[in-house]
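The values are calculated or read from the model by the stated rules, or taken from the named source; none is laboratory data. These numbers were taken from a predicted model, which means no experiment stands behind them. Here the Cβ is made from the backbone with ideal geometry for all residues, glycine too, and neighbour counts use every protein chain on show.
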Amino acid sequence: MRPNPASLSRTFAAFACLAAGGALLACADGAGQSGGSRSDAALGAEAQLFDEAKAWAHLEALVAIGPRPAGSGGAVKTVEYLETQLKSYGLTPVRESFIARATPAGDVPMCNLYVDLPAAGESANKAPLIVIGSHFDTKRFEGFAFVGANDGGSSTAVLLELARVLSLGGPRKAAYRLLFIDGEEAIRTHWEDPDNRYGSRHHVEQLKSSGLLTRVKAFVLLDLVGDKDLRINRDRYSDVWLYECFAAPARAAGMSRFVDGRAELIADDHVSFLEAGVPSVDLIDFDYGPGNSWWHTPQDTLDKCSPKSLGAIGRITLMGLPNVERRLLGK
């Protein structure tokens, strides 16, 4: 990901309304903006099922693999680990292998992975589809082993635990796809289009060619969510209503300290969906270490992350998803 990209052309009228005080709370479901403490009941039953210890164990396993840049042996091991875990939940992971052509490193084999949770009812194949994603690749570096505990690891660990929790609840009125994305990172040192977002761009093209894109009504991206001092940015590319679906219940549940961070333009995998017309949000804390000094450095290690942060973002996600469903279903 990269802040303040100059190559994207997207209007931010909705964000301007939010900044001016016209927050779009259509998804808030009556949630207030209290910063005080609340009981566990405020989280909702499903959010309480999120086990931060399980998420942390996944993060430890991913970091133990080592560097996981696209096209590497570490990336292959990561896909295998993800598959094993998802199958243990009774889910059916699908590999989406492809070759990223003519990258700065030549042709690079990559592989997205996803599982689908179908909607309930006879019209399940017409239900809105919500995609939740995380990239698992780490940036290529020479001279040190970049293990990406926060950048690539934390969000992937959370998404795995979300898969377990969501699979327990049975079919919903909306369908879900949990998407583990390869090739988010630029191969060059600096982010410059089109050297980035290889996996998410490929997946969007596959959605288009299959005709499934018309059903995708929201994309929720998790990235850099393991920081001990977690606070989610207000990404200015993200759709405001979708951000509020998650931020409003977090405030109401006494978790205000985890949301409403600095407003910033952040290019990330959600841009691939935005470019295809899909409402999207990036739940990201792009303030990692003093002055963001741990991002893309050897300091991005487990000791900079916290199980409590993984638990917080997992619960916030689960509290927000019913709001997204209600918005999409008009209820």
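In segment 275-287, what residues are in contact with an Asp or Glu (Cβ under 8 Å, 6 or more places away or on another chain) and either part of a loop (DSSP other than H, G, I, E, B) or aliphatic (A, V, I, L, M) (or both)? Explain how you work it out, then say what you get.
Looking only at segment 275-287, we keep the residues that are in contact with an Asp or Glu (Cβ under 8 Å, 6 or more places away or on another chain), and these are 279-287.
Across segment 275-287, the qualifying residues are Pro279, Val281, Leu283, Ile284, Asp285, Phe286, Asp287.
Tell me whether segment 283-295 contains one or more residues that are over 24 Å from Arg140 (Cα atoms) and of a type outside the set (D, E, K, R). Explain how you work it out, then say what you get.
The first filter runs over segment 283-295 and keeps only residues over 24 Å from Arg140 (Cα atoms), leaving none.
Checked against the condition, which is being over 24 Å from Arg140 (Cα atoms) and of a type outside the set (D, E, K, R), segment 283-295 yields no hits at all.
When only residues in segment 273-307 that are over 26 Å from Ile130 (Cβ atoms) and of a type in the set (D, E, K, R) count, which is surrounded by the most Cβ atoms within 10 Å (Cβ to Cβ)?
Asp300
Is it the case that segment 215-233 has a residue that's out of contact with any helix residue (DSSP H, G or I) (no Cβ under 9 Å at 6 or more places or on another chain) and within 23 Å of Glu184 (Cα to Cα)?
The answer is yes; a qualifying residue exists.
Going by what's in this entry, would Leu310 be described as in a loop (DSSP other than H, G, I, E, B), out of contact with any strand residue (DSSP E or B) (no Cβ under 8 Å at 6 or more places or on another chain), modelled with pLDDT of 95 or more and buried (at least 23 other Cβ atoms within 10 Å of the Cβ)?
Numbers: in a loop (DSSP other than H, G, I, E, B): no; out of contact with any strand residue (DSSP E or B) (no Cβ under 8 Å at 6 or more places or on another chain): yes; modelled with pLDDT of 95 or more: yes; buried (at least 23 other Cβ atoms within 10 Å of the Cβ): yes.
Spelling it out, it is not the case that Leu310 is in a loop (DSSP other than H, G, I, E, B), out of contact with any strand residue (DSSP E or B) (no Cβ under 8 Å at 6 or more places or on another chain), modelled with pLDDT of 95 or more and buried (at least 23 other Cβ atoms within 10 Å of the Cβ).
Does segment 50-63 include one or more residues that are aromatic (Phe, Trp, Tyr), touching a residue at least 24 places away in the same chain (Cβ under 8 Å), on the phi < 0 side of the Ramachandran plot and surrounded by 19 or more Cβ atoms within 10 Å (Cβ to Cβ)? Break it down into steps so the answer makes sense when it comes.
So the first thing to find is which residues in segment 50-63 are aromatic (Phe, Trp, Tyr), and the list is 50, 56.
Checking the rest, the ones that are also touching a residue at least 24 places away in the same chain (Cβ under 8 Å) come to 50, 56.
With on the phi < 0 side of the Ramachandran plot added as a condition, the list becomes 50, 56.
Filter once more, so that each one left must be surrounded by 19 or more Cβ atoms within 10 Å (Cβ to Cβ): 50, 56.
Yes, segment 50-63 has at least one match.
Which numbered condition in (1) closer than 19 Å to Ser155 by Cβ; (2) at pLDDT 95 or above is the only one that Glu244 fails?
Unmet condition: (1).
Yes/no matrix, rows are residues, columns are (1) within 20 Å of the chain's Cα centre (by Cα); (2) β-branched (Val, Ile, Thr); (3) closer than 17 Å to Val216 by Cα:
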{"position": "Ala105", "(1), (2), (3)": "no, no, no"}
{"position": "Ala119", "(1), (2), (3)": "no, no, yes"}
{"position": "Pro128", "(1), (2), (3)": "yes, no, yes"}
{"position": "Phe141", "(1), (2), (3)": "no, no, no"}
{"position": "Asn150", "(1), (2), (3)": "yes, no, no"}
{"position": "Val165", "(1), (2), (3)": "yes, yes, no"}
{"position": "Gly169", "(1), (2), (3)": "no, no, no"}
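Ser256 - would you say it is touching a Gly at 6+ places or on another chain (Cβ under 9 Å) and of a type in the set (Ser, Thr, Tyr)?
Values: touching a Gly at 6+ places or on another chain (Cβ under 9 Å): yes; of a type in the set (Ser, Thr, Tyr): yes.
Yes, satisfied.
Mind listing whichever residues of segment 189-207 are part of a loop (DSSP other than H, G, I, E, B) and buried (at least 24 other Cβ atoms within 10 Å of the Cβ)?
First, the residues of segment 189-207 that are part of a loop (DSSP other than H, G, I, E, B): 189-191, 193-194, 196-197.
Once the filter is applied, which keeps residues that are part of a loop (DSSP other than H, G, I, E, B) and buried (at least 24 other Cβ atoms within 10 Å of the Cβ), segment 189-207 yields Asn196, Arg197.
Looking at segment 208-226 only, could you name the residues that are of a type in the set (A, V, I, L, M, F, W, C) and in a helix (DSSP H, G or I)? Show your work before the answer.
Quick first cut of segment 208-226, residues of a type in the set (A, V, I, L, M, F, W, C) only: 212-213, 216, 218-222, 224-225.
Residues satisfying the conditions are Leu212, Leu213.
Hey, among the residues in segment 157-170 that are within 24 Å of Lys228 (Cα to Cα) and either out of contact with any Lys or Arg (no Cβ under 9 Å at 6 or more places or on another chain) or among the acidic types (Asp, Glu) (or both), which one's surrounded by the most Cβ atoms within 10 Å (Cβ to Cβ)? Break it down into steps so the answer makes sense when it comes.
Here is the first cut: in segment 157-170, the ones within 24 Å of Lys228 (Cα to Cα) are 157-165.
With either out of contact with any Lys or Arg (no Cβ under 9 Å at 6 or more places or on another chain) or among the acidic types (Asp, Glu) (or both) added as a condition, the list becomes 158-159, 161-163, 165.
Numbers: Val158: 29, Leu159: 26, Glu161: 27, Leu162: 23, Ala163: 22, Val165: 20.
Among residues in segment 157-170 that are within 24 Å of Lys228 (Cα to Cα) and either out of contact with any Lys or Arg (no Cβ under 9 Å at 6 or more places or on another chain) or among the acidic types (Asp, Glu) (or both), the one surrounded by the most Cβ atoms within 10 Å (Cβ to Cβ) is Val158.
What are the residues in segment 115-143 that are assigned to a strand (DSSP E or B) and either crowded, with 22+ Cβ neighbours inside 10 Å or among the β-branched types (Val, Ile, Thr) (or both), if any?
Going through segment 115-143, the residues assigned to a strand (DSSP E or B) turn out to be 115-117, 129-135.
Answer for segment 115-143, where residues must be assigned to a strand (DSSP E or B) and either crowded, with 22+ Cβ neighbours inside 10 Å or among the β-branched types (Val, Ile, Thr) (or both): Val115, Leu129, Ile130, Val131, Ile132, Gly133, Ser134, His135.
Can you spot a residue in segment 171-188 that is small (Gly, Ala, Ser), touching a Phe, Trp or Tyr at 6+ places or on another chain (Cβ under 8 Å) and surrounded by 22 or more Cβ atoms within 10 Å (Cβ to Cβ)?
Yes; the residues of segment 171-188 include at least one that is small (Gly, Ala, Ser), touching a Phe, Trp or Tyr at 6+ places or on another chain (Cβ under 8 Å) and surrounded by 22 or more Cβ atoms within 10 Å (Cβ to Cβ).
Kindly provide the set of residues from segment 144-174 that are outside any helix (DSSP H, G or I) and either closer than 19 Å to Ser200 by Cα or not hydrophobic (A, V, I, L, M, F, W, C) (or both), ordered by number.
Going through segment 144-174, the residues outside any helix (DSSP H, G or I) turn out to be 144-148, 169-174.
Result: Gly148, Gly169, Gly170, Pro171, Arg172, Lys173.
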